[in-house]
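Chemist: This is the structure, below, for whatever I ask next.
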Amino acid sequence: MIYGDHISDEDLALYAMRSLAPAETATVQQHLNTCGDCRGKLADILGDLSLVSLTVPQEPVPADARDRFMKRLRAESAAKPPEPIKPIRAPQEPTRSGNWFSGLGWAAAAAALLFAAYMGNTSHNLRQQLDSQRDQNAQLANQVSRSQQILDVLTSRTAKRVTLTEVKAAAQPTAHVIYEKDKGALIFVASDLRPVHADKTYELWLIPANGQAPIPAGLFRPDANGTASVVLPPLPTGVDAKAFGVTVEDAQGVTTPTLPIVMSGQ
Ligand SMILES: [Zn+2]
């Protein structure tokens, strides 16, 4: 567990994945409370993925989400670890975000978009916070849980993947959706968006396959680079998606979409 004066990289990685036994977790936690070096190393291990979770709106996470994730993690640990997760746990592999997403096609590009937008200053801030406050550990644990959920969706083999393009005119604005129906989990990343008026917002819609009313799936506004994301918005589970659409709405958002649909994909 603790080698020499510090926790091994592998155990820190397992801790970050919440894959240690409770007793081991407690030991690591206790050490982290007193050791800035190991907190710093943990921050590196969490790295980019935590930054993603830090920079998106902190929506409430479904209560059973962690249990579902842990069940899957255990099942996959018992069987052969899947490719996308394997590099994280293999000790010889550096735990760097670049490897986490390799081979994931556009999901890597989506993650890169999020990282590029926020990496610079947030990374520094995260380290400072970690060094200065012990209770950051608890917050970090929450970020880990959220990061695991994001990773889970990004690497899912059953998730529906949809590319949305602008309905009319030159299809410059582009958005991608990964949607896991059974979990009601959705990640949306858009680029080259047109600016919206200050009192307006984009709103994402899930259009159910059963013909029922479109379900609001999050508000977003493009940043200066025209990028935006919606990560794990509150959605019901088990809804088959026929399509996804984007409308422009008043800033507070609406529950019924206002035509026209400016982006769509199915
Ligand atoms: Zn240490």
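Throughout, read-outs are computed from the coordinates displayed, never taken from laboratory work. Just so it is clear, the model here is predicted, and its values are computed rather than measured. A quick note on method: Cβ atoms are made from the backbone with ideal geometry, for glycine too, and the neighbour counts reach across all protein chains shown.
Chemist: If each of residue 240 and residue 165 carries a label point 7 Å out from its Cα toward its Cβ, how far apart are those two points in nm?
Modeler: 2.7 nm
Chemist: A further question on this structure: Taking the mean number of other Cβ atoms within 10 Å as a proxy for protection, how do you rank 217-225, 29-37 from highest to lowest?
Modeler: Working: 217-225: 16.8, 29-37: 14.4.
Going from most to least packed, we get 217-225, 29-37.
Chemist: Okay, next question. So, in the range 160-265, how many Lys pairs have Cα atoms under 28 Å apart, if the pair is 8 or more places apart or on different chains?
Modeler: Value for the range 160-265: 9.
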